[in-house]
Each structure stands twice: as structure tokens, then as C-alpha cells.
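What follows is a short report on a single structure.
Nothing in this text is a laboratory measurement; each read-out follows from the coordinates by a stated rule. All values reported here derive from a predicted model rather than from experimental measurement.
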């Protein structure tokens, strides 16, 4: 019998595995648009990004793990919304599950856990950021009850 998948807050011992998943996510994002092409310092930047998240009170880092292997990550932050109600937002900035664990309910479990923890930290609204052309992500979030809120357009100059 395979080991159960645990959803939990990340610990520093997870740092290398989380950074690796962030690298995979950013490379995947680059497949959706040339303006999301990963930088030449992606690996180092991902490690630093994850390290910084551990030290921030407004940051949430959740992992899905089976045995000692991290198979998914959610990174979110609490933000204040100056001009809008509700005032406190939980923003999911990065969400990645290894391909072999997708379509198994792991992502939905991780999202529910993240929402619960963000709510416990005061969030009254949860948003998620991802490439517009990532229809897998669009369909996942819509299935989970999310809807489009804002659009960001870009032009290389």
C-alpha cells in the first residue's frame, strides 16, 4: 500500500525540494508566454525566494508530501487591499503539484487547506495568480469556485 499524502506547513528541511518545484513551475509558465521566460539565475532565485518566505509573517508555505518527498507546494501571502472591501486578501502566488499526482484530488486538498489557513490569518478573500493561457489552471480554479477578477496585459518594450 502506498503512503498517504500529507498536507502540512513547510519546514526548512523542505527548502531544496520546494525550490525545485518552484523552478519547475516557472519553467512551465515560460511555456505559456515568452514574457514569462525563466531567467538565467532561476535556480538561485527560487532558493532565495523560498528562504525569504520562511522568515515572513505574512507568508504561507504549504507542502503536500508522501514519505519524505515533497510532491506539491502552495506559496501565498496576506495582503492589505487599500481601496477595496474586503480589506484583507490571501494571494496564492505559486501553486505546483508534480504531474504524476495531478487529477487525484491533491491540488483540491492543498487549496482547501491554504484557504483555511489564510482565513485563520485574517484573509476575507483568496486570489490566485497564474498565466492567463494556462487553461489547466483556469479550469482548476473555476471548478474550485474561483472567478476572474482582474486582467494584466503586457507589452515588451
Convex hull volume of the range 33-77 per residue (C-alpha atoms, cubic angstrom):
111
Considering the alpha-carbon set of the range 1-75 alone, what are its Rg and its Dmax in angstrom?
13.3, 44
Please report, in whole Å, how far the alpha carbons of the chain spread along each principal axis, starting with the longest.
48, 37, 32
If you take every DSSP beta bridge whose two residues both sit in the chain, what share of them, in percent to the nearest 5, is antiparallel?
85
Debye intensity ratio in log₁₀ form over the Cα atoms of the range 29-119, taken at each q of 0.10 Å⁻¹
-0.32
Distance from the range 130-153 to the range 63-97 (C-alpha centre basis), Å
15
Length released on extending from residue 153 to residue 104, taking residue separation times 0.36 nm less the Cα-Cα span
14.4 nm
Can you tell me which of 107, 90, 55 moves the most in a GNM of the chain? Springs connect C-alpha atoms under 10 Å apart.
55
Mean separation of Cα contacts under 8 Å, 6 or more apart, over the residue count of the range 43-143: relative contact order %
23
